[in-house]
Each structure stands twice: as C-alpha cells, then as structure tokens.
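Heads up, the thing below is written out as structure tokens.
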Amino acid sequence: MVLWWFLILLGFFLLYLGAELLVRSAIQISHYFKVPRLVIGLTIVAFATSAPEALVGIFGQLKGETGDIALGNVIGSNIANIGMVLGIYLMLRPCDISHSMKWQKIPILLLIYLLLFFVMVGGKISRVEGVYLLLVLIFYNLYQYFFPPKKVELEEEIKVHEEEKRPPVRITLQIFAAIGSMALLILGTQSLLDGALKIAKHFQISERIVSISIIAFGTSLPELATALVSAFRKEQEILIGTIVGSNIFNPLLVIPFATMVGPIYFSPKMLILDFPMMVAFTVLLWILMVLGKNRLSRIDGSILLFSYASYVTFLFYS
C-alpha cells in the first residue's frame, strides 16, 4: 500500500512539473516564431494548463473499467479549481473582480455546463458528441479572438508565466523542454492512475469517487501553484481568469480527447449528484461576486474552501 501512495505522490509531482515546463516552453517557442500574444493566451497557454486533465482522460479511458475517471476528473477538477484553489487564494489575499468576469465569463461557463448536461442525459458521451464539444471550443476561441479582453488584462495573464526580462530564446532547447514536459505529464498520469486505481480497489472505493477527489486534486496542482504565486505577487484577476478559463477548457477539450478512445459510459450519480455540485460551486462563486460588489473577501474564500471540504468528505462517507 505504501507503494501505491508513493505512486500517487509521484504522479502529483510529475504532473505539476510537466505542466509548468510545458507552459513555459510553449510560450518561449511561440515568441521565437512571433506568434501573436493573443493567440498565445487563448490557445497555447490554455491548452498547456489543461494537458494534465486531457492525458488523464485518455489514459483513464484505457485503464478504467468505466468512463468515470475521464468525466469524474473533469467535474472534480472544475469543483477543486473553485472550491480549493480559489478558496485558498482568497484566504491569503482578497481580490477584485472585473465586470467582464462577472457578466461575461461566468455566464458563458454556465451555458457550457448546460450544453454538457444535454450531452450527458443519455448516460454516455459518444465520439460525435465529443466533436460537438470541440467545435464549441473552437467557436469560443474565435469569439475571444475577435472580441478580446482588455489588452492590459491579456498581457498580464500571459506575463504570469514569463520572466520579467526574457532571455533570447534557444529554440532547440525549448523544443526538447516541450518534449520532456510531455514525457513528464505522461509518466505522471500513469503513476497517478496506477496508484489511485490500486487504492480504489483495495478499499473498494468507486472510480467515480477516486477520480473526483484524488485524481482531480492532482490535475489541479498547476492551478494551485499559480494561486500561491499570484497571492505572493499580488496578481488578482490573473488567477480568476486562469481558473474560469481552465473550467471552460476542461469539458470542451478533455472530454473530446477522451471520446477519441471510445464513448464515455459513466455512473448515474455523475449526472444526478456530481454534475449539479459542479454547477452549484460556479453559481455560488457568481453569487459571491454579485453580493461582494466586484470583490471577493477572505470570508468568501472560507465559504468556498469549507464547501469543498464538505463535499469531498460527503463523497467518501456517502
């Protein structure tokens, strides 16, 4: 059993390291080829930060007995991003919320959840439905491209992954770094899944619970690291944008990747319990934004963190 927990912890570490390295190397390569900053922010950084979830979705489909790992990781990561990551950040440092975040990004996220609900109603997610979700992601990126956020906000969001004085790009080194980061992500995914599934079978815990809790925690580590760094640097809106952006990309990118392996068959509890909880956390965040008059406080953070801890506890004791 010690070996299983070691595999889980090793998976956590490799996923975090691989995701960070992939983001940084992807940005450097993009600068070398003079890719516009807007494209970097909307596609490259967003894809890189969702890479752990995407790989878990693919390998989860290959290793798991059901599709609960792939779908559960998406739902669990989205809940963890708001309840755990944002909750911890707000406990350290309150932050202001932009008008576009409150009245544009959050409503878009809820509309995506509505689409995901209709996709899930049949009890499975097919390859065709995965393609539909991917098309929505493409449409969303086009919308962001033609109606971008404020220039200052976008540049700050990209800068969080860059050094203040960027050295000359050594393209060969960065390409090897990108390849190495993908190798780390694959190894981390394999290690995390192997350990988590062994623990699940030993304690007779369902794949659904393991994916929503342990595996989702691991794939949310890059966002948690960003939260701690953002709190230290006093960068407020960046983290909120990262979390909401990740929560948009997860269902629209990870699920289509997972359906490439095969249709996702999932537990009914995913639809009647876990999906509503994901929506509830997003609605709770929206309510706190509205009531707080464009500001989230430490009290709001404690509410989110307590809600997340309560939900995870409920999962294991239900």
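Coordinate-derived values only; no laboratory data. Since the structure is predicted, the reported quantities are computational estimates derived from the model, not experimental observations. As a convention, Cβ positions derive from the backbone with ideal geometry for all residues, glycine included, and neighbour counts pool all protein chains shown.
Some notes on this structure:
- Per residue, the chain reaches -22500 deg cm²/dmol at 222 nm when only DSSP H runs of four or more residues are counted, each adding -39500 (n - 2.57).
- Net charge of neighbours whose Cβ lies under 12 Å from the Cβ of Leu90, counting Lys and Arg as +1 and Asp and Glu as -1: +1
- Assuming charge only on the beta carbon of Lys and Arg (+1) and of Asp and Glu (-1), the dipole of the chain about its Cα centre is about 300 debye to the nearest 20.
- Sites Gln104 and Ser318, calculated FRET efficiency, Cβ-Cβ separation with R0 35 Å, nearest 0.05: 0.50
- Signed unit charges on C-beta, dipole axis of the chain, positive-most listed residue Thr219, Leu17, Gly195: Leu17
- If the segment from Val128 to Lys293 were pulled out straight at 0.36 nm per residue, it would be longer than the present Cα-Cα gap by 55.2 nm.
- Cα-centre dipole for the stretch 186-318 with unit charges at Cβ (Lys and Arg positive, Asp and Glu negative), debye to 20: 200
- Other residues with beta-carbon under 13 Å from the beta-carbon of Pro256 carry, at +1 per Lys or Arg and -1 per Asp or Glu, a net charge of -1.
- With 20 Å as the limit on Cα-Cα distance, the pairs of Lys63/Lys198; Lys63/Lys201; Lys63/Lys124; Lys105/Lys269 that go past it are Lys105/Lys269.
- Option label - Cα Rg over 2.2 N^0.38 Å computed here, alternatives (1) 0.94; (2) 1.06; (3) 1.22: (1)
- When the chain is described by a simple charge dipole with +1 on each Lys and Arg Cβ and -1 on each Asp and Glu Cβ, the residue from Gly241, Val128, Ile303 located farthest towards its positive end is Gly241.
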